[in-house]
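The values are calculated or read from the model by the stated rules, or taken from the named source; none is laboratory data. Because the structure is a prediction, the values reported are computed rather than measured. Here Cβ is always computed from backbone atoms with ideal geometry, including for glycine, and neighbour counts include all displayed protein chains. Surface accessibility is based on the protein's heavy atoms, side chains included, excluding ligands, DNA and RNA. Shrake-Rupley method; radii C 1.70, N 1.55, O 1.52, S 1.80 Å.
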Amino acid sequence: MINSVMIIGGYGEVGGNIAKQLTQSTDLRILIAGRRLEKAEYYCRQLGSSAHPVEIDIRKPKSYEAILLADLVIMCMDQQNAALVQYCLEHHIHYIDITANFAFHKQIEQLNPLAQQSTVIMSVGFAPGLSNLLAKHLIDRMESIEELHISILLGLGEEHGVGAIQWLLEQINQSYNVKKNGVTQTVRNFSGKRMTYFNRLGKRTSYLFNFSDQHILQRKLPRSEVQTYLTFDVEWVNRILAIVHRLRFTALLKYSWAKRVVIKMIQSFCRVPSSSDICAIKVEATNSENNLINEIHEIWYANSEAMTTASITSLVVKQLIHSPLPYGIYHIDDLFCLDKGDIKLIKK
């Protein structure tokens, strides 16, 4: 039974919204955890008597003992290794992770033999998360899929957390593997330009980006080509970023001073009059049967990617509380599906 939930990074942009939603809609004991106890204490005072501050440093295993206060851990920070997840499994504590890092997902998956009395759910949030569920909805509707394209649109008017921006910057110079033209190819983030039409917003230039949803779905669709693209609501920003990337100016991001400058620049874009906090996901599935190109798609719009991630996470927590879920390590689309705009549990 789950009575106590620890949100690590609980005073950040996403973690804070998860905490607010859970305190408003459940009777759970909420533990706001992070390295800065004073920040956790300040945030708990805003949340009320059901919230309690906890000091924990995910880089220091000696501080993990605080996790024993919780029945469920929600991780809102990126980690270098899966030691904390292993600790949760060894102590039969359930675990939810919102990271978009597929390499880290694979580390967690290797711990499956330890998940004898715990449920681990990864890919929880906007992308991955909602993007996986939308893709699953199309997969269930189309008998065979040759290409599956996921386009993630983020609004520059949203107050993106520094951690989220830093993750994007760390990824921008990285290469990764995708299946293209029937073979595995190495591509760079922000390459592979594609035009994506969002009904409400018009066309946006989108670029390949290493979100984990495409890798998770590719394993489930071995004969298909699955790729995820990233775009922003302000089109001229997309084009400038592509030019900067093409000219290799992004190589400067290996320096901490350059990262700080770019973070400030991106945060300044939040004040661009044409920007907004809108976010969207478009998933397109195609095949070529009977000498015809067949296509179906789904689009999801929302305001605030951080708030949407928090909402998805809160819904998963409530399902975990009220419905028995199998022990083991799963991605969100292994356990849930979309039903008329909501998440429902798949009955096994």
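Worth pointing out:
- When the chain is treated as a Gaussian network with alpha carbon springs shorter than 10 Å, the biggest mean-square fluctuation among Leu148, Leu37, Leu315 belongs to Leu37.
- Each residue of the range 52-63 is assigned a 3J(HN,Hα), and the resulting list reads 9, x, 9, 9, 8, 10, 5, 7, 10, x, 4, 8 Hz, derived from the Karplus form 6.51 cos²θ - 1.76 cosθ + 1.60 (θ = phi - 60°), x at Gly and Pro.
- In the frame of its principal axes, the range 53-121 has Cα extents of 29, 24, 18 Å, reported largest first.
- Residues whose amide H comes within less than 5 Å of that of Arg35, counting only those at least five positions distant or on another chain, are Ile56 (H built at 1.01 Å from N in the peptide plane).
- Considering only alpha-carbon pairs that sit under 8 angstrom and 6 or more positions apart, the relative contact order computed for the chain is 20 percent.
- Solvent exposure of the range 1-155 as accessible area per residue, Å², 1.4 Å probe: 43 Å²
- Taken one residue at a time, the phi angles of the range 183-198 give Karplus couplings (6.51, -1.76, 1.60, θ = phi - 60°) of 10, 7, 10, 8, 10, 9, 4, 6, 10, x, 4, 9, 8, 10, 9, 9 Hz. Gly and Pro are set to x.
- For the listed residue pairs Lys106/Lys220; Lys136/Lys282; Lys180/Lys220; Lys179/Lys203; Lys106/Lys318; Lys106/Lys180, the alpha carbons are over 19 angstrom apart in Lys179/Lys203; Lys106/Lys318; Lys106/Lys180.
- Under-5 Å amide H pairs with Glu225, H placed in peptide plane, nonlocal only: Glu147, Leu148
- The phi torsions of the range 84-93, fed into the Karplus equation with coefficients 6.51, -1.76 and 1.60 and a -60° offset, translate into couplings of 5, 4, 4, 4, 4, 5, 5, 10, 6, 9 Hz, rounded to whole numbers, with Gly and Pro shown as x.
- Convex hull volume of the C-alpha atoms in the chain, normalised per residue: 145 Å³.
- Once exposed loop GluC sites (Glu not before Pro) are cut out (DSSP; at most 13 other Cβ, 10 Å), longest piece of the chain: 1-142
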